[in-house]
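The values are calculated or read from the model by the stated rules, or taken from the named source; none is laboratory data. The structure presented is a predicted model; accordingly, all values stated were derived computationally and were not measured. Note that we place each Cβ from the backbone using ideal geometry, even for glycine, and neighbour counts take in every protein chain shown. Just the protein is used for accessible areas: all its heavy atoms, side chains included, with ligands, DNA and RNA removed. Shrake-Rupley method; radii C 1.70, N 1.55, O 1.52, S 1.80 Å.
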There are 2 protein chains.
Amino acid sequence: MANSHISEQASTALSDKSLCCPLSDTARKIADTFQNLVMVRGFNAVSYGDLAKELGIRTASIHYHFPTKAELGATVLTRYRDNTMNAWQDIDAGDPESNTPEIYKKAYESFMAPIRPVRDMQGVSCLFGVLGATYETLCPNIQGILASFFVEQEVWLARVFKGGRDAGVFHFPGTATSFAKLYTSALQGAMLIKKSTGKPEHFDAVIEQLEGMLFGVGRT
Amino acid sequence: MANSHISEQASTALSDKSLCCPLSDTARKIADTFQNLVMVRGFNAVSYGDLAKELGIRTASIHYHFPTKAELGATVLTRYRDNTMNAWQDIDAGDPESNTPEIYKKAYESFMAPIRPVRDMQGVSCLFGVLGATYETLCPNIQGILASFFVEQEVWLARVFKGGRDAGVFHFPGTATSFAKLYTSALQGAMLIKKSTGKPEHFDAVIEQLEGMLFGVGRT
DNA sequence: GCTTGACTACCTATTAGTAGGTAGATATAG
DNA sequence: CTATATCTACCTACTAATAGGTAGTCAAGC
């Protein structure tokens, strides 16, 4: 109710086709609601009571689907990671020699596709960013998913950047790895500051700066 | 006890000479401990009980100094903001015409001085970044301090960047404001990812990328 | 008739916060 | 100089609310 607009906004990212054992209808609703609330408030400020109120069921019913909060968190995080990684184009498809410049631009766009809409979601930032802020309070299982996501994201992005620079479509100083670190950091920070200041323009300006470099326009 | 190493690490940033009515010895210890714990765990995961255990006093004694958690938070945040802003060199000092190129480099370094040591503080990131992640759960008072800090930081940094580029010591594409947005975002994100992955190298790489641009080395 | 998915009713621990008291320092008035 | 009052900084003991979680019940549907 209070946050139903967010459910709609982020619904596209909530399919669970990637999970080993797919969630039931109710379990998926619980996971969706939990994810949306966590992206706004953080893990520790979302309780089973909040979820129960939002969904119109009892907390015990939520425990039936997700015995512990840690399991609920791990489910949501795994699903989010898998969906995100599935969305990335596989730039290794086919012979590396046959990789056209366009494939790198397409890979980059598939990376940015789920990020751009966050611009207009009030109070929302990246799920992984929010959890990272309170990393030390999370259970080891969730910490592991979190840390590996950041690493995998950076590795994948560095590969795209490297291939794209070799193909002449991307431009940046230094190594592809350190430029990927800059990229992921800047995007995380931009979402965080946009959320705290309520200014979507901040988000625009950061992406413009990054893409200005990457596409090699406006360099002094 | 558990986090005493952090108290030592961050102690330099905890002077309270800027507060209108200075804190008593005990109040300052409470504020210091609270700040250190929040920078690691976030606002919602630090309780009066945690503070009491850490300090060896009762929770009621903490309530004596800080009646509510919101007041404690506001005190710590105000002090942090004032100390940070006081650390920034005033680039408007003297005649604007007499501003040498060095003054901008010095201003930039005074900005970076408190940020660089975070590299080696395990599990720690910027106090404002951590709070920003759970912005919606904070009381309006604290939200206001938070949002204004991000804005003021960006405005100040943009002024330094603009002056420095005009003076020929800084280089960057686009407006000084949007480059300042990139800079603050990248630093926030770098601290967050460093914290979640436990890799200080990530922090190094991001700063190297940013300063490579700013100082105009290694451009492609 | 067993599985599913919800329920009521509880439990224990922790949360922020309050009430009221006390030891010791300091100030003040007779 | 002493009796009284006030203040500081802590204490014990409590509260109401919320936290995550458990045990056992019950109805519907394949």
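Key figures for this structure:
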| quantity | calculated |
| --- | --- |
| Residue check for residue A:119: open to solvent by 60 Å² or more (accessible area, probe 1.4 Å), farther than 25 Å from residue A:138 by Cα and of a type in the set (Lys, Arg) | yes |
| Residue list for the range A:23-75, restricted to those being basic (Lys, Arg), over 25 Å from residue B:38 (Cα atoms) and either within 14 Å of chain B (Cβ to nearest Cβ) or surrounded by 17 or more Cβ atoms within 10 Å (Cβ to Cβ) (or both) | A:28, A:29 |
| Pick from the range A:204-214, criterion within 9 Å of chain B (Cβ to nearest Cβ) and out of contact with any Ser or Thr (no Cβ under 8 Å at 6 or more places or on another chain), ranking: surrounded by the fewest Cβ atoms within 10 Å (Cβ to Cβ) | A:204 |
| Counted residues, the range A:157-190 - those being open to solvent by less than 10 Å² (accessible area, probe 1.4 Å) and over 20 Å from residue A:215 (Cβ atoms) | 1 |
| The lone exception for residue B:194 - which of (1) more than 7 Å from chain A (Cβ to nearest Cβ); (2) out of contact with any helix residue (DSSP H, G or I) (no Cβ under 7 Å at 6 or more places or on another chain) it fails | (2) |
| Answer from B:191, B:213 - the residue that is out of contact with any strand residue (DSSP E or B) (no Cβ under 8 Å at 6 or more places or on another chain), more than 19 Å from residue B:81 (Cβ to Cβ) and aliphatic (A, V, I, L, M) | B:213 |
| Criterion (charged (D, E, K, R) and within 16 Å of DNA strand D (Cβ to nearest atom)) met by exactly one of A:102, A:71 | A:71 |
| Count of the range B:30-66 residues which are in a helix (DSSP H, G or I), basic (Lys, Arg) and over 19 Å from the mean Cα position of the chain (by Cα) | 1 |
